[in-house]
Amino acid sequence: MTAVDAVSIITAKRDGGELSDAQIDWVIDRFTKGEVADEQMSALAMAIVWRGMTRRETARWTAAMIASGSRMDFTDLPRPTVDKHSTGGVGDKITLPLAPLVAACGAAVPQLSGRGLGHTGGTLDKLESIPGWRADVSVERMREMLADPEIGAVVCAAGADLAPADKRLYALRDVTGTVESIPLIASSIMSKKIAEGTAALVLDVKVGTGAFMKSLADARELATAMVELGTDSGVRTVALLTSMDTPLGRTAGNALEVAESVEVLAGGGPADIVELTIALAREMVALAGLDVDPAAALADGRAMDHWRAMVKAQGGDPDAALPRARHTEVVRADRDGVLTRLDAMGVGIAAWRLGAGRARQGDPVQFGAGIEMHAKPGDSVTAGQPLLTLHSDTPEAFAGAQSALTAAIDIGDLDQKTAPPVLLDRIAR
Ligand code: URA
């Protein structure tokens with residue numbers, strides 16, 4: 001009989017052992033109740049970072065985190081549910097055009113999202129830049145919005161009862177250098193998505209300098225772990241691996257990204273955003289069992305109609321002017337040539353320093369702050385041409401943003417013209 005107490009669980013994992021189901025259930029349950037101390041859970045998380053978890057351990061860890069709270073159920077809705085989760089990147093505003101687009105195709109999209117921390121922005125922060133828009137929606141209202149054929153999508157904050165073990169654990173991992181573990185990331189994301197009650201899920205697993213996963217091999221491993229966790233729990237799950245070496249689209253920052261998303265919904269917008277939105281929408285619609293072409297629903301304005309209804313249903317005014325930062329500063333090309341690199345991490349850190357992101361949970365964000373990109377990798381540029389416009393309410397932030405950008409931009413010779421691909425791979429079971 002294996003001992004069940006915090007120290008023996010920590011030492012078992014520290015020494016490379018495999019935890020039993022009973023040990024996993026016990027430690028997650030007691031941690032949620034505050035009976036396993038934060039320093040003990042942090043030590044266990046660090047042991048997992050080093051020693052990993054088997055597929056069985058990861059599945060049990062995920063199930064225990066789901067069981068720490070309540071599981072939502074949308075099986076009685078008149079439309080099939082399908083959601084998308086991105087592992088996070090710079091300029092990743094895809095949820096904004098995607099949720100109403102998939103709703104316009106006939107699915108219900110229940111998306112519980114988070115606020116940003118560090119260099120990647122949070123979907124709720126972006127939407128909160130729309131005057132009046134509120135992230136808090138009751139479960140009853142969520143159900144009404146999902147069932148309404150004119151809305152069909154809701155993007156809102158997760159309630160306190162959704163995988164509370166993960167909330168506590170993620171806050172600890174964030175400050176103890178224990179985020180970067182494939183089993184911990186996979187179980188953290190999938191516990192929330194499975195508890196959310198969606199019947200199908202498309203994962204956008206980011207790969208590159210601005211992502212958790214820097215290599216394609218690691219991203220494949222994470223995607224495979226999440227697809228297995230989802231499928232084994234009865235959630236039809238597919239993952240796309242997509243590039244995050246350079247920011248998505250031409251804006252990074254809350255209100256700037258909302259404006260760009262509205263351009264996409266109006267039939268314009270940057271090619272990479274449109275390509276990824278359509279690719280994810282096709283996967284979602286197929287998983288939902290619907291025979292509809294999302295490209296048509298984007299082109300004929302149905303997705304825009306759903307966006308407007310969705311924003312209004314959460315108190316927002318889709319026609320209101322978005323907040324703008326009080327100050328701007330322009331970064332220019334220092335030579336003629338081709339922009340060969342615009343590093344996602346550098347741009348993300350710069351946008352964060354400008355005020356678009358927060359350093360600590362609960363800090364306010366500046367809705368108008370961020371970066372507009374006038375050129376993307378593969379574009380020809382001439383000396384003196386504006387490459388970026390920095391936006392901030394706090395002009396003293398420009399120096400810190402500029403210093404994050406100095407090593408993030410490379411201009412090469414004209415024969416180096418290549419626009420990097422967005423879609424890298426697809427993982428399904
Ligand atoms: N996002 C999550 O929700 N959890 C992680 O561990 C990493 C990213």
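The set of residues in region 176-198 being within 9 Å of the ligand (Cβ to nearest atom), surrounded by fewer than 24 Cβ atoms within 10 Å (Cβ to Cβ) and assigned to a helix (DSSP H, G or I) consists of LEU184, ILE185, SER188, LYS192.
Restricting to region 373-406, give me the number of residues that are out of contact with any Phe, Trp or Tyr (no Cβ under 8 Å at 6 or more places or on another chain) and under 15 Å from ARG332 (Cβ atoms). It would help to see each step written out before you state the result.
Kept after step one, since they are out of contact with any Phe, Trp or Tyr (no Cβ under 8 Å at 6 or more places or on another chain), are these residues of region 373-406: 373-389, 391, 393-406.
Of the ones still in play, those that are also under 15 Å from ARG332 (Cβ atoms) are 373-375, 379-389, 398, 401-402, 405-406.
Residues in region 373-406 being out of contact with any Phe, Trp or Tyr (no Cβ under 8 Å at 6 or more places or on another chain) and under 15 Å from ARG332 (Cβ atoms): 19 in total.
If only residues of region 199-212 that are surrounded by fewer than 24 Cβ atoms within 10 Å (Cβ to Cβ) and hydrophobic (A, V, I, L, M, F, W, C) are counted, the one that is nearest to the ligand (Cβ to nearest atom) is PHE212. Could you tell me whether region 407-426 includes any residue that is at pLDDT 95 or above, under 30 Å from GLY132 (Cβ atoms) and open to solvent by 20 Å² or more (accessible area, probe 1.4 Å)? Checked region 407-426: no residue is at pLDDT 95 or above, under 30 Å from GLY132 (Cβ atoms) and open to solvent by 20 Å² or more (accessible area, probe 1.4 Å). Considering region 17-49, the residues that are open to solvent by 50 Å² or more (accessible area, probe 1.4 Å) and not in a helix (DSSP H, G or I) include one that is nearest to LEU162 (Cα to Cα), namely LYS33. Is region 139-159 home to any residue that is within 15 Å of the ligand (Cβ to nearest atom) and either within 19 Å of the chain's Cα centre (by Cα) or surrounded by fewer than 22 Cβ atoms within 10 Å (Cβ to Cβ) (or both)? Yes, region 139-159 contains a residue that is within 15 Å of the ligand (Cβ to nearest atom) and either within 19 Å of the chain's Cα centre (by Cα) or surrounded by fewer than 22 Cβ atoms within 10 Å (Cβ to Cβ) (or both). Contact list please: Cβ distance under 8 Å, first residue in region 214-238 and assigned by TED's automatic domain parsing to the domain that holds PRO110, second residue among the basic types (Lys, Arg) and in a helix (DSSP H, G or I), pairs at least six apart or on different chains. Going by the 8 Å Cβ cut-off, the qualifying pairs are ALA225/ARG55; GLU228/ARG55; GLY230/LYS193; VAL235/LYS193.
Conditions tested, residue by residue: (1) aliphatic (A, V, I, L, M); (2) part of a loop (DSSP other than H, G, I, E, B); (3) over 21 Å from ALA255 (Cβ atoms).
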site: ALA63; (1), (2), (3): yes, no, yes
site: HIS85; (1), (2), (3): no, no, yes
site: LEU96; (1), (2), (3): yes, no, no
site: ASP136; (1), (2), (3): no, yes, no
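Answer yes if at least one residue in region 206-216 is polar (S, T, N, Q), part of a loop (DSSP other than H, G, I, E, B) and under 18 Å from THR87 (Cα atoms), and no otherwise. Yes, some residue in region 206-216 is polar (S, T, N, Q), part of a loop (DSSP other than H, G, I, E, B) and under 18 Å from THR87 (Cα atoms).
Scanning region 161-175 for residues that are near the ligand (Cβ under 10 Å from one of its atoms), within 18 Å of ILE66 (Cα to Cα) and open to solvent by 10 Å² or more (accessible area, probe 1.4 Å) turns up LYS167, TYR170.
The values are calculated or read from the model by the stated rules, or taken from the named source; none is laboratory data. Fair warning: this is a prediction, and the values are worked out from it, not measured in the lab. No Cβ is skipped: glycine too gets one built from the backbone with ideal geometry, and neighbour counts run over all protein chains shown. Ligands, DNA and RNA are excluded from the accessible area calculation, which covers all protein heavy atoms including side chains. Shrake-Rupley method; radii C 1.70, N 1.55, O 1.52, S 1.80 Å.
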